1. Going 7 Å from the Cα of residue A:130 in the Cα-to-Cβ direction, what parts of region A:50-91 have a backbone nitrogen less than 13 Å from that spot?
2. In whole Å, how far is the Cα centre of region B:96-112 from that of region A:87-166?
3. Only counting other Cβ atoms within 10 Å, I'd like B:108, B:13, A:85 sorted with the fewest neighbours first.
4. Ignore the peptide's own chain and count Cβ atoms of other chains within 10 Å of each Cβ in B:16-29; give me the average, rounded.
5. Considering only the other residues whose Cβ falls under 13 Å of the Cβ of residue A:46, what net charge follows from Lys and Arg at +1 and Asp and Glu at -1?
6. Using the 7 Å Cα-to-Cβ label point, sort the distances from residue A:127 to its equivalents in the other copies shortest first and give them in nm to one decimal.
7. Count the DSSP beta bridges whose two residues both fall in chain A, then state the antiparallel fraction as a percent rounded to the nearest 5.
8. For region A:55-69, what does the Karplus curve 6.51 cos²θ - 1.76 cosθ + 1.60, with θ = phi - 60°, yield as ³J(HN,Hα) per residue in whole Hz, taken in order and with x for Gly and Pro?
Number of protein chains: 2
Amino acid sequence: MSGLDTQQWFTEVFEPSGSAFGLAITAKLDEVQSPFQHIEIFDTTHFGKLMVIDGCTMVSSRENFLYHEMMSHPALFTHPSPKNVVIIGGGDCGTLREVLKHQGVETVHQIDIDEQVTRMAEKYFPELCASNNDPRATILFDDGIKFMREAAPESIDVVIVDSTDPVGPGEGLFNRAFYQSCLNALRPGGILVQQSESPLIHLQLLTDMRQAMLDAGFAALQTLNFPQMIYPSGWWTCTLARKSEGFSGFREADAAAANLNTGYYNIDIHKAAMALPNFVQKAFANQK
Amino acid sequence: MSGLDTQQWFTEVFEPSGSAFGLAITAKLDEVQSPFQHIEIFDTTHFGKLMVIDGCTMVSSRENFLYHEMMSHPALFTHPSPKNVVIIGGGDCGTLREVLKHQGVETVHQIDIDEQVTRMAEKYFPELCASNNDPRATILFDDGIKFMREAAPESIDVVIVDSTDPVGPGEGLFNRAFYQSCLNALRPGGILVQQSESPLIHLQLLTDMRQAMLDAGFAALQTLNFPQMIYPSGWWTCTLARKSEGFSGFREADAAAANLNTGYYNIDIHKAAMALPNFVQKAFANQK
């Protein structure tokens, strides 16, 4: 056995499923109490840097690419022509970087309430912030709920809600009122994307979120699933909600032509992510 | 906060990736040291019973269905007409139960070296043993390596290697000599299936295993991926290796007609499981 017996660990206990996930750490590199949350940065033995917010693992250097790619490329290759994108949350800037890989995108506004998340990301995850100075990007630190409520009607093509869990600052991002603001701000055919937790251990929350999106007036939903090791259960989803019309499908030829530099995402993965297990289909059966 | 602070946990530390996974437990129900390994049974707060072998989480009541379904149905719906099936390992009998859902299967031999695993499964996971008395099933406690070496040539349609990790009793099941025994025992067009660890944290092992299968003479490989919460990284694979000819594809119409009672597996999931991320495709690029 190696020295892991005497190793230090960061462990997140997820109470609702009686499960815990830990990474071996070599040091705590930084820590700040922002007006909104407690942010810690650790160095790990095998996963590079780790950002923890209010005790929950948020981002590791080694495997954040799965989440950031799946939060951006499926929506952007489903919308017929995404030009104006808004990211609510997303302070680590990894989703922003992925969105800016799309040449057709003209503006991206990122609105995270907590400037400290971005300051920590710039320092400890510089690779995620590599596109922060892209002239198409505007990085704001403000209340995303207010931003969406005040956004001009029919001014946005894709809204990506890259938030923490529905507790603390993220709570107001998981309800009908917020979804109605998003719907108003989207152009016809626009798409809202939200991280939608684990199909295995948050199925009720996921189902309720889908219902709130439908109740707000979204016309069609698509829930995509993908692995995400450091989140509870290691299995995660995002949900796409489309305004005005059904999903006309995936711009597969454009995705092939773009040939983005991605670690996880590709055409087959995009299509595969839409396949839902029987137990999930059953939970969604009364929704459309 | 609930009482989880004072909760007892079973935690598996996975040293090669500096990660750990734990489930909250309410009791240790049983424990036995067999001639081969140490087996423990726990009751958990949220995942039903948990079987642990030599400190590694093996089976939980709540989420074993993903693994057992993916170890059996993709191979059985890919082989044109599987009649004679062998399971090496699989002592918890969950894979056996899934295989026996296929009406065309005439015989299944299960060979696990450790009778105590099956005795514990009968007691604590009776649902997994529901088909143990099926007249098509033969449950043997013996050395699977020897069984495959001595099997009549071209007598088996599908061999499923449902083993522990490649340390301890499972070690001899991950090399060229064993794969050659399997190849000899398979009929033309026969399929070997093996659990092949995590694409995220065992990529070298997975790539080496695939190479050993090719070196042994298998003609084509298919690696399928799926979530498995209690295994390291929560993301797992199985690899199908086919004798004599390329994969002629998935018997989709037969899968639709069979309409098996499954929690995870369905036609879309089968096809989705074959989609491989870019970083995995890159690792496999020099193999065929």
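1. A:65
2. 52
3. Neighbour counts put them in this order, fewest first: B:13, B:108, A:85.
4. Average neighbour count from other chains, rounded to a whole number: 5.
5. -1
6. 4.1
7. Counting only bridges with both partners in chain A, antiparallel ones make up about 65 percent.
8. Karplus-based 3J(HN,Hα) across region A:55-69 equals x, 10, 5, 10, 9, 10, 4, 6, 10, 5, 4, 4, 4, 5, 5 Hz.
Here, each number is a calculation from the coordinates, and none is a lab measurement. Please read these numbers as outputs of a predicted model, since none were measured by experiment. Ideal geometry is used to build each Cβ from the backbone, glycine not excepted, and the neighbour counts take in all protein chains shown.
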